[in-house]
Amino acid sequence: MPSLPPITAPARELEARILRNIEDHEVSPDTQQKRLISILSSAAASRFSDEHHGAYIYGPPGRGKTLIINALVASSPRQTTARFHFHEFFQNLNSPKNRVPGQRLGAIFSQGLERELKGLKILVFDEFHCTEPGDAMLMVRLVKYCAEHSIFLVATSNYEPDRLLDDDAFHHLVQPTIASIRENFTVFELDGSVDYRTLAVDGEACDRGYRAGTLSVGVTAEPSNARREMIRIGYDEIGPACVADESIWIGFDQLCGTRRNTADYLELVRRFTRWHITAVPATRDLPMDEERRLANVLDIFYDRDIELHLYTADGLEHLGSSLHDTERDRLASRLAQLQFIELERMGL
């Protein structure tokens, strides 16, 4: 890891702006978060150098990583700063709308990087991780591109660098990139004992977005005035689902019981702002592939701040039993923000 850049006047000014932005959200950073803000401000103010390529922030969910990088982006010049969610960025690059007949996929990706990152000095990625070798190779090329074009890369992850693509069969694909991160990035572990997402929030914060959603146990829902239809997605259809304006009611089997991927879910959340996923089965014996898809759905809805209502057979307390500890902790953190409703509490 490179030595920390000096604390300059621009670094102090950036740190003050980040702190003000966080305080505007009525959050008081703890000691470890303040230390990260100070280090990140010094690194970002110094920008890219031959020995200092970026910052890699990792730790358990709910410790404030996303809050801090969002404040960094809001406090940096808009013309030269951009923030992306990792998987959504690559989905956009590989979208069919950007393809020319007969064009190689590699060329599409290279041109996409040039298009999306043109003129940037600071690039921020949230949820920097991959579970498939294809995504890993895209990540490798992204890190290399940023280094070649002097773009300061800030990444957050639930995983330490050595656990990127944590699969023995393919881990070698990202080892050179891990070595580059260890050597040329400021690496900071934000591992405070408190998961701030699990703390009580005021009523106003629950009026919109993901936190406006619910987890209802033993309850089902399907509107009588909504039309049932199949929904076109790519070259396929999903459904039937009930649709009313920007709201959708769809069964778990339709959404997670079939072979759907991240690209499908990202496409669907662009069309509807309020989601109801019905008939979610008990999670103790949920098949691994369906469990992963539901976990993927929850990640996407949380990251996009989409209102989500789940109607389940249990409290999803066993969800994540086949996943890594970090993935399981992230799920618990995000589920804790949904308003929990039990059949008995409703007086039914």
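The values are calculated or read from the model by the stated rules, or taken from the named source; none is laboratory data. Remember, predicted model here, so these are calculated numbers, not experimental data. Just so you know, the surface numbers come from the protein's heavy atoms only, side chains and all, with ligands and any DNA or RNA stripped out. Shrake-Rupley method; radii C 1.70, N 1.55, O 1.52, S 1.80 Å.
Determine the distance separating the Cα centre of the range 277-300 from the Cα centre of the range 22-86; give it in Å without decimals.
That distance is 32 Å.
Which value does Rg/Rh take for the range 229-317 over its C-alpha atoms, Rh per Kirkwood? Don't skip to the end; give the middle numbers.
Numbers: Rg = 12.2 Å, Rh = 13.2 Å.
Reported Rg/Rh, Kirkwood definition of Rh: 0.93.
Write down, largest first, the equivalent ellipsoid semi-axes of the range 1-75 in whole Å, where each equals the square root of 5 times an eigenvalue of the alpha-carbon gyration tensor. Spell out each step's value before the answer.
Working: eigenvalues 83, 43, 20 Å².
Equivalent ellipsoid semi-axes, largest first: 20, 15, 10 Å.
Taking the 0 to 90 degree range and rounding to the nearest ten, how far is the long axis of helix 175-184 tilted relative to the main principal axis of the chain, both from C-alpha atoms?
Orientation of helix 175-184: about 50 degrees from the principal axis.
Tell me the mean residue ellipticity at 222 nm calculated for the chain from its helices only (DSSP H runs of n ≥ 4, each -39500 (n - 2.57), averaged over every residue, nearest 500).
Values: 11 runs with 130 residues, N = 348.
After summing the helix terms and dividing by the residues of the chain, the value is -11500 deg cm²/dmol.
Hey, what's the chain come to in accessible area per residue, 1.4 Å probe, Å²?
Numbers: 17060 Å² over 348 residues.
I get 49 Å² per residue for the chain.
To the nearest µm²/s, what D does Stokes-Einstein give for the range 54-185 at 20 °C and 1.002 mPa s, using the Kirkwood radius over alpha carbon pairs as Rh? The partial results should precede the final answer.
Numbers: Rh = 15.4 Å.
Translational D for this selection: 139 µm²/s.
Rounded to the nearest 10 degrees, what's the angle between the helix 105-117 long axis and the longest principal axis of the chain, both from Cα atoms, 0 to 90?
70 degrees
Using Cα atoms only, what is the angle between the long axis of helix 325-335 and the major principal axis of the chain, expressed in degrees (0 to 90) to the nearest 10?
In the chain, helix 325-335 runs at an angle near 60 degrees to the longest axis.
Can you give the alpha-carbon Rg of the chain over 2.2 N^0.38 Å, where N counts its residues? Walk me through the intermediate numbers first.
Numbers: Rg = 21.1 Å, N = 348, 2.2 N^0.38 = 20.3 Å.
Scaled against compact globular proteins, the figure is 1.04.
Would you kindly derive the ³J(HN,Hα) couplings of the range 81-93 from the backbone phi angles with the Karplus curve 6.51 cos²θ - 1.76 cosθ + 1.60 (θ = phi - 60°), listing them in order in whole Hz, with x for Gly and Pro?
For the range 81-93, the Karplus curve yields 10, 9, 10, 9, 8, 3, 6, 5, 4, 5, 4, 5, 4 Hz.
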